[in-house]
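One structure is given below, encoded as structure tokens.
The values are calculated or read from the model by the stated rules, or taken from the named source; none is laboratory data. Model, not experiment: these values are computed from the prediction. Every residue, glycine as well, gets a Cβ built from its backbone with ideal geometry; the counts of neighbours run over all protein chains shown. Protein only, heavy atoms only, side chains kept; ligands, DNA and RNA dropped before computing areas. Shrake-Rupley method; radii C 1.70, N 1.55, O 1.52, S 1.80 Å.
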Amino acid sequence: MADVAVAGDRLDREANVEFYNGMLIPDLVNAHCHLELSHMRGLIPPGGGFTAFAKGMGTVRGAVAPHERTAAVVRADEQLWRQGVGAVGDVSNGESTFAVKAASRIRYVNFLELFGLQSVSARPLAPVAEAAQRCGLRAGITPHSTYSLNDAAFRSAVQAGGGDVPLSIHFMESPAEAELFRGQGELAAWYAERGTAIDFAAYGSPAERIVASVPADRDLLLVHDCCVTEEVVDRIEHHFVGRVTWVLCPRSNAYISGLTPPVELFRRKGVRVAVGTDSLASNDSLDMVAELRQLGDVPLAELLTWATENGARALGESSRLGGFAQGSRSGAVLLTGIDWEHMRLTENSRSERIL
């Protein structure tokens, strides 16, 4: 012990040595975000439910001037970086965020999202994909969800793809998604009210639609997952052996509907889990540590794997990020406010980039 004390005293006197009280971790990976919605914080009230939120998006999404939207994106990007996020799986419905992301220190993987029951193909997204390429951004086209695209458009988005970029599909966020395939529930009622027809009910369920429409050799992020069952997990994992990541955004689910993803089911099944923040339209911050706290009594080491290594693998960035192995380009992030006795996060836990 005396030798340790002497060494500590010597280090204390060394120039340019800094001491931090916390845990050093690699860059966090936010596997699901909508940076372009950063101007919408607080515009849609919480707790209204899934369909109310979807309706609200259509009403208020364009309510803020373009320069204010850009300023909100810049602030959100800087916040993510300061809190230690090194990569983001970011949904884009246009080019509005590309300049900010191209200049960012964060590695963005861009999911160019096709949605709308009036869409017939992914061709209108081709210019967006070309713009992303000109900006030097990784980008690929993806379907939004199993409930927001008719069959030809969904399959067109899957086929358009994006080379090495996985698909990222909103999945089973609400009971209404499965009910729609039976002609029941609030989504079915909303579509009927609008006179909107669907042609995909014959698949029988969101899971069967995914299995029938997406080749088994595609890498796939399924996002939200609040209403999945063990049967659904087994069906998906059996089809996409080793290629699926289940992305959880628990604070967004709490904001919209109060639902929670089945964390213990995923742990018991041993599937790959990653974590995202969703957008500021359905969250009060893009704080990855707050998302991890929301996931409940999961061992800290497991949570950190989900938020680093698994996220990097999901986005195809594991050669750059996810750990401190030789060749990694990860920065260093300080995680503080840890309950060291039980190795758990606390309400005081924070992440801060130090390198």
If R₀ is 35 angstrom, what is the calculated FRET efficiency for the pair residue 267 and residue 118, using the beta carbon separation as r and rounding to 0.05? 0.30
For the chain, calculated [θ]222 nm from helices alone, where every DSSP H run of n ≥ 4 adds -39500 (n - 2.57): -10000 deg cm²/dmol
With bins 20 Å wide starting at 0, give me the P(r) of the chain over every alpha carbon pair, in whole percents. 29, 58, 11, 2
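Any idea of the accessible area per residue across the range 264-329, 1.4 Å probe, to the nearest Å²?
For the range 264-329, the solvent-accessible area averages 39 Å² per residue.
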What whole-number distance in Å separates the alpha-carbon centres of the range 216-240 and the range 48-89? 27
Please find, in a Gaussian network model of the chain (springs between Cα atoms separated by less than 10 Å), the residue of 189, 129, 52 whose mean-square fluctuation is greatest. 189
Net length gained if the chain between residue 340 and residue 230 were fully extended (0.36 nm per residue, minus Cα distance): 36.2 nm
Identify the residues of the range 184-226 with backbone N under 19 Å of a label point that sits 7 angstrom from the Cα of residue 55 along the Cα-to-Cβ direction, or state none. 184-197
Could you work out how far apart the two model spin labels at residue 352 and residue 216 are, taking each label as a point 7 Å from the Cα in the direction of the beta carbon, and quote it in nm? 5.0
Listed peptides 145-154, 116-125, 174-183, 63-72 by packing density, highest first (mean Cβ within 10 Å): 145-154, 174-183, 116-125, 63-72
Can you classify the range 25-82 as rounded, prolate or oblate using the Cα gyration tensor, where a ≥ b ≥ c are the square roots of its eigenvalues, rounded means a/c under 1.5, and otherwise it's prolate if a/b beats b/c and oblate if not? oblate
Please work out the ratio of the alpha-carbon Rg of the range 184-238 to 2.2 N^0.38 Å and round it to two decimals. 1.33
If you add up the charges near residue 353, with Lys and Arg at +1 and Asp and Glu at -1, over every other residue whose beta carbon is less than 10 angstrom from its beta carbon, what do you get? 0
In what sequence, highest mean first, do 283-294, 211-222, 306-317 appear when ranked by Cβ atoms within 10 angstrom? 306-317, 283-294, 211-222
Relative to the present Cα-Cα distance, how much length would full extension add between residue 71 and residue 134 at 0.36 nm per residue of separation? 20.5 nm
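Run the numbers for residue 103 and residue 325: contour at 0.36 nm per residue of separation, minus the present Cα-Cα distance, in nm. Present the calculation step by step, with values, prior to reporting the outcome.
Values: separation 222, 0.36 × 222 = 79.92 nm, distance 2.62 nm.
Here the segment from residue 103 to residue 325 would lengthen by 77.3 nm.
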May I ask you to give the percent of accessible area on the range 70-173 that is carbon plus sulfur, with a probe radius of 1.4 Å? 52
With a 1.4 Å probe and every protein chain kept in, tell me what percent of the accessible surface of the range 179-302 is carbon plus sulfur. 48
What residue among 318, 308, 136 has its Cα farthest toward the positive end of the dipole of the chain, where the charges are +1 on Lys, Arg and -1 on Asp, Glu, each on the Cβ? 136
Check residue 114: other-chain or 5+ apart residues with amide H under 5 Å from its amide H, H built from backbone geometry? 142, 144
Given a Förster distance of 30 Å, report the FRET efficiency between residue 63 and residue 151 from their Cβ-Cβ distance, rounded to the nearest 0.05. 0.35
Taking amide H positions as placed 1.01 Å from N in the peptide plane, with prolines and chain starts having none, which residues 5 or more places from residue 274, or on another chain, fall under 5 Å of its amide H? 246, 247, 248
Of the candidates 91, 42, 64, the farthest towards the positive dipole end of the range 32-112 (Lys/Arg Cβ +1, Asp/Glu Cβ -1, centred on the Cα centre) is 42
By its C-alpha gyration tensor, with a ≥ b ≥ c as the square roots of the eigenvalues, how is the range 166-310 shaped: rounded for a/c under 1.5, else prolate for a/b larger than b/c, else oblate? oblate
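When ranked by the protection proxy of mean other Cβ atoms within 10 Å per residue, highest first, what sequence do the peptides 191-202, 270-281, 75-86 form?
The densest-packed peptide leads the list: 270-281, 75-86, 191-202.
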Residue by residue through the range 17-24, the couplings from Karplus 6.51 cos²θ - 1.76 cosθ + 1.60 with θ = phi - 60°, in Hz, x for Gly and Pro, are 9, 10, 10, 10, 9, x, 10, 8
Looking at the square roots a ≥ b ≥ c of the eigenvalues of the Cα gyration tensor of the range 100-234, which shape do they give, rounded for a/c under 1.5, prolate if a/b is larger than b/c, or oblate? prolate
Separation between Cα centres of the range 108-169 and the range 249-327, rounded to whole Å: 23
